[in-house]
Amino acid sequence: MWCRSLACLFKVPCQLSGSTRHRSPWLPCDRRTILAAAARWHHTAPESLKCAWQLHGDHLELRYANTLMRFDFVWLRDHCRSASCYNAKTNQRSLDTASVDLGIKPKAVRVDETTLFLTWPDGHVTRYGLEWLVKNSYEGQKQQVMHPRILWNAEIYRQAQVPSVDCRSFLETDEGLKEFLQNFLLYGIAFVENVTPTKEDTEILAERISLIRETIYGRMWYFTSDFSRGDTAYTKLALDRHTDTTYFQEPCGIQVFHCLKHEGTGGRTLLVDGFYAAEQVLRQAPDQFELLSKVPLKHEYVENVGDCHNHMIGVGPVLNVYPWNNELYLIRYNNYDRAVINTVPYDVVHRWYAAHRTLTTELRRPENELWVKLKPGKALFIDNWRVLHGREAFTGYRQLCGCYLTRDDVLNTARLLGLQA
C-alpha cells in the first residue's frame, strides 16, 4: 500500500512492547483508585486477549483488535463525547480545552467488551467505544490511507477502461455524479461526454461538484494562442508536463478543460500520474524521495502584459506527505515557474538536483505518458495536486475554456455521496 511503502522514510517512535524496559514505572495502588496498576495487563475477558490495558503515569495503553494504542490523559479528557463536552447536533466540541489540567489523571478506569470508561477527579465520566478508539488513535490512523488511489501509467489506465460519464447523468443523477467522482478520486482524472461546447455549459458542469475558484485568470476563462497573458500556455508551443499554480501558496486543487474549437493539427493533451512516478523514485532511491519531500522551494509568476500585473510566489517542497502516515498528497512540479533556488544550502543543492533529475526521468518515461485528443463536447477534470498535464504544439485556431475548482468542495461532494475522500 502506498502509505506503508513510505513508512521507511520517516522514523516514528516504536510502539510499546511487552518488555519491561519499554514500560513506564507503575504507581502504588489501592482499592479506591486505579491510577496505579499492577505490573500486568488487565483483560476484559480472562479467557481472551481481545482487549487488554495498562495504566501508566501519564497515559493509558490499550490493546484491542490487534492494535496497540497509547492515549495521553489530556487527550482522553479533551475528546470526551458526553453531552456537556460535545455537541452531537453540530458535531462540535463544547469543552474548553484550555481549561483541562495538563496534569490530569483518571480516578478510575474500567473496560468491558466494547467500551472504555474513565472517571475523572471531579466525578465526570467519559465513555469511548473501543472501535472508535481504534479508528481515531494515532496508531490506527498511521495505518490508514486518507485518499485511496490507483496509481497508473498509460497501459494501466487503458486496461482499466475507465468510462466517461454522460453529461445528463452527471448533472441529473446522483449515480452518474458518484461514478464520476469515484473515477476522479481513484485516477486523478475523469471525463464527461456530450457537453454542449460553450463556456456557459462548462460552467454549469463545474458547479455541479464545486465552487469555482476565482484567480488572477478570472473565474471562467477562454484559452487561445493570442499571448494575451504572460504565460507560455497562451501560445502554440508545446508544453512539457507540469502542475498549475505552483506559485500559489495553495495550488489550485482541480482544473477543468473543455476544447470548444480546433481548426488545425496537433494539440493533443498529455497526462502523467505524478504519484506513480514518485512511487518509482521511492522504490529506487528513497533518500532522494525524502529530499524532495523536505526541501522547500519557491515558485514564481511575474506578469506585466496589458492590464495584467501580477507577482505571485508559492513556497513548498516538490513532494508533500502527511506526517502521520507518510502518504503523498501533493506534487508541486513546474520547471517553467520554479524560481531561483535560494532556500537550499550549497551542500544540499547538488543532491536536490540529482533527486529532481530522478523524478523528472520517471515523469518523462514514454510508458507513463497518456495522450488524449480533446474535442468539443468532452470535458476533462484533472487533479492538479496529483496529475501533471502538458500538450504538443499545434497549428490553426484552438480555443479552450475552463476553470479551477476548490478542492475542499469537490471532496465535500464526494463524502456526501458516501465516498472516501
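The values are calculated or read from the model by the stated rules, or taken from the named source; none is laboratory data. Every value quoted in this text rests on a predicted model; they were computed, and no experiment measured them. Positions of Cβ are backbone-derived with ideal geometry, glycine not excepted, and every protein chain shown enters the neighbour counts. The accessibility values were calculated without ligands, DNA or RNA, using every heavy atom of the protein model including side chains. Shrake-Rupley method; radii C 1.70, N 1.55, O 1.52, S 1.80 Å.
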Axial C-alpha extent at least 18 Å, average Kyte-Doolittle at least 0.5 - helices from the chain (DSSP): none
1.4 Å probe accessible area per residue over the stretch 206-341, in Å²: 40
The stretch 290-337, Rg to Rh (Cα coordinates; Rh as Kirkwood inverse mean 1/r): 1.15
Among G402, G264, G123: highest mean-square fluctuation, GNM of the chain, C-alpha pairs under 10 Å: G123
Residue order for H147, H311 - accessible surface, 1.4 angstrom probe, largest first: H311, H147
Accessible-area order (highest first, 1.4 angstrom probe) of the listed residues R149, R110: R110, R149
Candidates A83, A339, A355: whichever shows maximal mean-square fluctuation once the chain is modelled as a Gaussian network with Cα springs under 10 Å: A83
Accessible-area value, E290, 1.4 Å probe, nucleic acids and ligands omitted, Å²: 60
Calculated Rg and Dmax of the stretch 39-127 using C-alpha coordinates, Å: 13.8, 42
Per-residue [θ]222 nm for the chain (sum of -39500 (n - 2.57) over DSSP H runs n ≥ 4, rounded to 500): -7000 deg cm²/dmol
Three-way shape call for the stretch 110-186 based on the alpha-carbon gyration tensor, with the a/c threshold at 1.5: prolate
P(r) histogram, all alpha-carbon pairs of the stretch 269-421 included - 5 Å bins from 0, percent: 2, 7, 14, 17, 18, 17, 13, 8, 3, 1, 0
Proximal lysines relative to K105, as straight alpha-carbon distance under 28 Å, when same-chain residues fewer than 8 apart are discounted: K50, K135, K142
Of G266, G129, G253, the one that fluctuates the most in a GNM where the chain has Cα springs shorter than 10 Å: G129
For the stretch 313-396, radius of gyration divided by Kirkwood radius, i.e. Rg to Rh on alpha-carbons: 1.02
Where N is the number of residues in the stretch 205-340, Cα Rg divided by 2.2 N^0.38 Å: 1.18
Dipole of the chain [Lys/Arg +1, Asp/Glu -1 at C-beta], most positive-end residue of V387, P323, Y336: P323
Part-to-part distance (alpha-carbon centres) for the stretch 352-421 and the stretch 89-119, which is given in Å: 45
Rounded, prolate or oblate (a/c below 1.5 giving rounded, otherwise prolate when a/b exceeds b/c) for the stretch 255-307 by Cα gyration tensor: oblate
Accessible surface of the chain, 1.4 Å probe, proportion on carbon and sulfur as whole %: 51
Taking the C-alpha atoms of the chain, convex hull volume expressed per residue in Å³: 193
Hull shadow area, averaged, the stretch 80-141 [alpha-carbon convex hull, nm²]: 5.1
Set of lysines near K199 by C-alpha distance (under 30 Å), chain-local residues within fewer than 8 positions excluded: K178, K236, K261, K373, K375, K378
